[in-house]
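Colleague: Dropping a structure here in structure tokens format, bear with me for questions.
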Amino acid sequence: MQPNQFNVDAANKLKIVSLVSVGKHPQSGRMRRADQDSRAVELGLKLTGDNHSGESLVVLHAGDPGEPNLRSYAGMGLKSVRVLQLDPAADAILPLGQHLQQCGADIVLTGVRAESGESSGMVPYQLAEKLGWPIVPRVADIVSVKGGVAEVLQALPRGQRRSVMVKLPFIASVDSAAPEARQSAFGPASRALMDIEVVSASVDDVRQAWEEAAARKRPKRLKVVKAKTAAERFKAATAKSQGDGGKVMKNESAAEQAQAIFDLLKEEGVLR
Amino acid sequence: MSFEWLHPLLIATALVLAVIGAVRRVNLWRAGKPDRINLIAGLMAMPGRYLHDLHDIVERDKYMSKTHAATGGGFVLSALLIILVHLLGFDNQILAWALLAALALMFVGALFVFKRRLHPPSRISKGPWMRLPKSLLAFAGAFFVLTLPAAGVLPDGSGGVLLTVILTALIIWGMGELFFGMTWGGPMKHAFAGALHLAFHRRQERFGGGRSTGLKPVDLTLAKEIGGVLGVAKPTDFKWNQLLGFDACVQCGKCEAMCPAFAAGQPLNPKKLIQDMVVGLAGGTDANYAGSPYPGKEVGNAKGGPDHIITDGLIDPETLWSCTTCRACVEECPMMIEHVDAIVDMRRYLTMERGKTPNKGAEVLDNIIATDNPNGYAPASRTNWAADQNLPLMRDVKQAEVLFWVSDGAFDMRSQRILRAFVKLLKAANVDFAVLGDEELDSGDVARRLGDDATFQSLAKRNLEVLSQYTFSKIVTTDPHAYHCLRNEYSDFGSDALDGVEVLHHTTFLNQLVQLGRLKLNNFSGAKVTYHDPCYLGRYNGEYEAPRELLRSMGIEIAEMERSGFRSRCCGGGGGAPITDIPGERRIADMRMEDASSTGAELVAVGCQQCTAMLEGVVEPRPEVKDIAEILMDQLVDPSAENSRQDRLAEEVH
Ligand code: SF4
Ligand code: SF4
């Protein structure tokens, strides 16, 4: 967790808001600190030079302030978590948008998608639309903020990064490629203040009618391993399967690139 | 002799200064947190504890125990008699002769101390400690001569001014060390603090041959308090009697000589750690420390004070995370100092207040919190290992004679082989047993040793909750860490789930079965075998015999390692050390494997899946490593021998 070079002085005057939700562990289904959201908090802490007195970094949640897992964000060293208290069935976009506008946020950080609930990944886009701000999806880092313009690194597949410049204020969704969140400590988590603001919001009627069910993975055909010794079995179990590779095509002609995509889709059975 | 009035005055001054020093020192300790100790009972018990508990430990080194008895005993006696004869002026020949005898005893003892200090081993501290034997000799010698007139050997007033001056100088030196230095931080401090530490020890249960190894729970209500601190941040966050304990250290370095992390070149030396605690409680720097440093770290840069955060300048967190909690230091310490308690106390602060568990620590803790196992596997897959074993579940049967506590070995392919072997033995002996299946959670051992007592307590309470629903008379586990938690640490949480339940390690239980004739074994005909004592089975729970008896019951003659039994060297796997993974010059597991190889053994028998993993991680060629359950399984006289072959085939296909 080596913080990159960053001009803290400039950022100290910035108002950074990290939006957090309640996560869900993929294996146990238990509520937890969401992975990407906590990376958003981590990035926020970095941008504010770890000056997390609640002045420059606001960690904001819309929902139930009694949710114990919100505290695990505070365990990263925050004095408080701001919660817009609303009906769990309500649509949080409107009150969130209003709050962000009012508090004069310069940069809003979110996860790419929530781990529970709808998990549509639409929140940052809807907020951006509502506020009329630009959105930078899947950022890995924010390198600098100078003269009201931020240099942002977007995460592309296979570890690639794209540098983009964006004017403040903006919304960025934080990719899993961003630096991992620091440990959450029990003491500060328990002591943090829940800074509650009761808001009203309209109930999301459409969603009320939905039925939720656990996702099921498509079954995969097992590879038959014809190994005789333990060493061979071990190799078979740990070896990377061959077909995983991909390639980056930069210099080829558009037609060649299109053909490659077409071939891949066919190979994967998307096109028949 | 001239200046008759001078010596009583000197003695009185030294004693008064000593008392002032004592009060100041006591106040330093009292800056710690309160702990409920019966002071009077402790003081009354102290002489007995000195003669038995402390002496039993010192007795392991015969030379030192005799030397100490002569020097220490002679000194205490002399000091009392000096007060009577020279300060209060009792004119009694018998007293004077007694004093002469005591001083002579002390002098002889001091000579042996002196001799040992001629070629001191690297583990003991130098500096002021090199002066101590000479001070002892000066004290005993000078008072001896001074007492001769009182005993009627020399006429009163004999000796000239020169002799008086020399004697006076020696007495000042001797009393400076022995009276003044005792309470003002000289080497003799160990006698003063040591005696009181015996009286007010935080683990009173240790005396009289008792064992007290379970960590004390953290008061988690402090987490809700503004300004509350979980664990120990500053020296004053220790209990007062822990501070007193640190002050009792004689810097003998017995702990250093036994510490596996020190030997591996990791930045930990238990003796230096205790001395740094002394620097912390009294304030100052470690510049006067004259013993071995933390490997790879220079002495002289550490600064501390009673209200300074320890890990900000006094101790590098890496030092704390190097410890495997093997308790070798505690076992060896003649002053009965509790290094592991102190280390875990400080880790608690780092983890629960600062969120600074190094390396994989944070990830492992997150996994334990979210999935109740350290690797983040789906909790519902806990019993997958036993899909073919047809194990009775407590949920179904509600009661059984034995509850088999499977532990997180359930998720590890190597450990599963041990579990299977044990199940096979249970079935062969027709034991009425059941498992908790997915209702079992991580025991909390790793979380607790990593300083996350909140998570440990949550796991303990939830496990106890499950256990309380079922009826069984024994819990048996193949994991000494879970064994320790269940047996020694779960009792702090006000549950009656384990009341009247015997918690046993599988080697103890299997040994009972073998002794009862419920398991029939063939003689082992393989190569030479040695046995590695797991720390959490041996030093933590005192079980050294059952595993050995089991091996012997198969006709195995154990080729013991030099360090075995209570002196066994850790495999490096305890205390979350493989998770925090502090670099050193060597790996502890490699050193332990060398211990094993040097016996010429081709098979290392162990009784712990963690030890198995650590020792098997040593590169070949090396002896084979097997859990005792696995060795037993192979020697089992099985009426259905065919079955076992099929079992093994099934394993191959697996
Ligand atoms: S802590 Fe104990 S064993 Fe270690 S040096 Fe001090 S007295 Fe000796
Ligand atoms: S418990 Fe073991 S590793 Fe830790 S300080 Fe003591 S001897 Fe060293």
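The values are calculated or read from the model by the stated rules, or taken from the named source; none is laboratory data. Given the structure is predicted, the values throughout are model-derived calculations rather than measurements. Ideal geometry is used to build each Cβ from the backbone, glycine not excepted, and the neighbour counts take in all protein chains shown. Just so you know, the surface numbers come from the protein's heavy atoms only, side chains and all, with ligands and any DNA or RNA stripped out. Shrake-Rupley method; radii C 1.70, N 1.55, O 1.52, S 1.80 Å.
Colleague: Between B:Leu486, B:Leu513, B:Leu537, which is more than 14 Å from chain A (Cβ to nearest Cβ), closer than 19 Å to B:Val402 by Cβ, within 16 Å of ligand 2 (Cβ to nearest atom) and at pLDDT 95 or above?
Modeller: Working: B:Leu486 fails: within 16 Å of ligand 2 (Cβ to nearest atom); B:Leu513 fails: within 16 Å of ligand 2 (Cβ to nearest atom).
Answer to the selection: B:Leu537.
Colleague: Give the residues of the range B:213-235 that are at pLDDT 95 or above, open to solvent by less than 30 Å² (accessible area, probe 1.4 Å) and more than 30 Å from B:Pro120 (Cβ to Cβ), sorted by residue number.
Modeller: B:Thr213, B:Gly214, B:Leu215, B:Val218, B:Leu230, B:Gly231, B:Val232, B:Ala233
Colleague: Is it the case that B:Leu230 is touching a residue at least 24 places away in the same chain (Cβ under 8 Å), assigned to a helix (DSSP H, G or I), touching a helix residue (DSSP H, G or I) at 6+ places or on another chain (Cβ under 7 Å) and not polar (S, T, N, Q)? Full working, then the answer.
Modeller: Details: touching a residue at least 24 places away in the same chain (Cβ under 8 Å): yes; assigned to a helix (DSSP H, G or I): no; touching a helix residue (DSSP H, G or I) at 6+ places or on another chain (Cβ under 7 Å): yes; not polar (S, T, N, Q): yes.
Answer is no for this residue.
Colleague: So the check is Cβ under 6 Å with 6+ separation or different chains; which pairs have a first residue in the range B:185-206 that's in a loop (DSSP other than H, G, I, E, B) and a second one that's more than 16 Å from ligand 2 (Cβ to nearest atom) and of a type in the set (A, V, I, L, M)?
Modeller: B:Pro187/B:Leu132; B:Met188/B:Leu178; B:Met188/B:Met182
Colleague: Suppose the filter is open to solvent by 40 Å² or more (accessible area, probe 1.4 Å) and in a loop (DSSP other than H, G, I, E, B); does B:Pro149 pass it?
Modeller: When the stated conditions are applied, B:Pro149 does not pass them.
Colleague: May I ask you to list the residues in the range A:76-113 that are touching a strand residue (DSSP E or B) at 6+ places or on another chain (Cβ under 7 Å) and within 14 Å of chain B (Cβ to nearest Cβ)?
Modeller: Once the filter is applied, which keeps residues that are touching a strand residue (DSSP E or B) at 6+ places or on another chain (Cβ under 7 Å) and within 14 Å of chain B (Cβ to nearest Cβ), the range A:76-113 yields A:Leu78, A:Lys79, A:Ser80.
Colleague: Can we say B:Phe238 is at pLDDT 95 or above, within 29 Å of B:Leu268 (Cα to Cα), aromatic (Phe, Trp, Tyr) and more than 16 Å from ligand 2 (Cβ to nearest atom)?
Modeller: yes
Colleague: Out of curiosity, is B:Gly542 open to solvent by less than 10 Å² (accessible area, probe 1.4 Å) and on the phi > 0 side of the Ramachandran plot?
Modeller: For B:Gly542, the condition - open to solvent by less than 10 Å² (accessible area, probe 1.4 Å) and on the phi > 0 side of the Ramachandran plot - is not met.
Colleague: Filter the range B:97-117 down to the residues that are under 10 Å from B:Ser78 (Cα atoms) and touching a Gly at 6+ places or on another chain (Cβ under 9 Å), then identify the one that is surrounded by the most Cβ atoms within 10 Å (Cβ to Cβ).
Modeller: So, considering only residues that are under 10 Å from B:Ser78 (Cα atoms) and touching a Gly at 6+ places or on another chain (Cβ under 9 Å), the one surrounded by the most Cβ atoms within 10 Å (Cβ to Cβ) is B:Met106.
Colleague: Still on this structure: Among residues belonging to the range B:294-327 that are assigned to a loop (DSSP other than H, G, I, E, B) and of a type in the set (A, V, I, L, M, F, W, C), point out the one that is surrounded by the fewest Cβ atoms within 10 Å (Cβ to Cβ).
Modeller: Per the criteria, the residue is B:Val299.
Colleague: Filtering the range B:347-363 down to residues that are facing another protein chain (nearest Cβ under 8 Å) and not hydroxyl-bearing (Ser, Thr, Tyr), which residue is surrounded by the most Cβ atoms within 10 Å (Cβ to Cβ)?
Modeller: B:Met352
Colleague: So, in the range B:268-293, exactly how many residues are within 14 Å of ligand 2 (Cβ to nearest atom), open to solvent by 10 Å² or more (accessible area, probe 1.4 Å) and farther than 27 Å from B:Ser564 by Cβ?
Modeller: Of the residues in the range B:268-293, 1 are within 14 Å of ligand 2 (Cβ to nearest atom), open to solvent by 10 Å² or more (accessible area, probe 1.4 Å) and farther than 27 Å from B:Ser564 by Cβ.
Colleague: Which residue, of B:Val330, B:Val344, B:Val279, is more than 14 Å from chain A (Cβ to nearest Cβ), within 13 Å of ligand 1 (Cβ to nearest atom) and either part of a helix (DSSP H, G or I) or not basic (Lys, Arg) (or both)?
Modeller: That would be B:Val330, the only listed residue that is more than 14 Å from chain A (Cβ to nearest Cβ), within 13 Å of ligand 1 (Cβ to nearest atom) and either part of a helix (DSSP H, G or I) or not basic (Lys, Arg) (or both).
Colleague: Any idea which of A:Ser202, A:Ser190, A:Ser163, A:Ser184 is away from chain B (no Cβ under 14 Å) and touching a residue at least 24 places away in the same chain (Cβ under 8 Å)?
Modeller: After applying the criteria, what remains is A:Ser202.
Colleague: Kindly establish whether B:Val76 is open to solvent by 50 Å² or more (accessible area, probe 1.4 Å), in a helix (DSSP H, G or I) and either in contact with a Gly (Cβ under 6 Å, 6 or more places away or on another chain) or assigned by TED's automatic domain parsing to the domain that holds B:Lys134 (or both).
Modeller: Answer is yes for this residue.
Colleague: Can you spot a residue in the range B:588-595 that is more than 16 Å from ligand 2 (Cβ to nearest atom) and either away from chain A (no Cβ under 14 Å) or of a type outside the set (Ser, Thr, Tyr) (or both)?
Modeller: yes
Colleague: Let me ask you something else. Of everything in the range B:364-408, what is open to solvent by 40 Å² or more (accessible area, probe 1.4 Å), β-branched (Val, Ile, Thr) and within 9 Å of chain A (Cβ to nearest Cβ)? Give them in sequence order.
Modeller: Hit for the range B:364-408 is B:Ile369, nothing else.
Colleague: Sort out which residues of the range B:460-494 are of a type outside the set (D, E, K, R), open to solvent by less than 40 Å² (accessible area, probe 1.4 Å) and outside any helix (DSSP H, G or I), and write them in order of number.
Modeller: Those that are of a type outside the set (D, E, K, R), open to solvent by less than 40 Å² (accessible area, probe 1.4 Å) and outside any helix (DSSP H, G or I): B:Tyr470, B:Phe472, B:Ile475, B:Val476, B:Thr477, B:Thr478.
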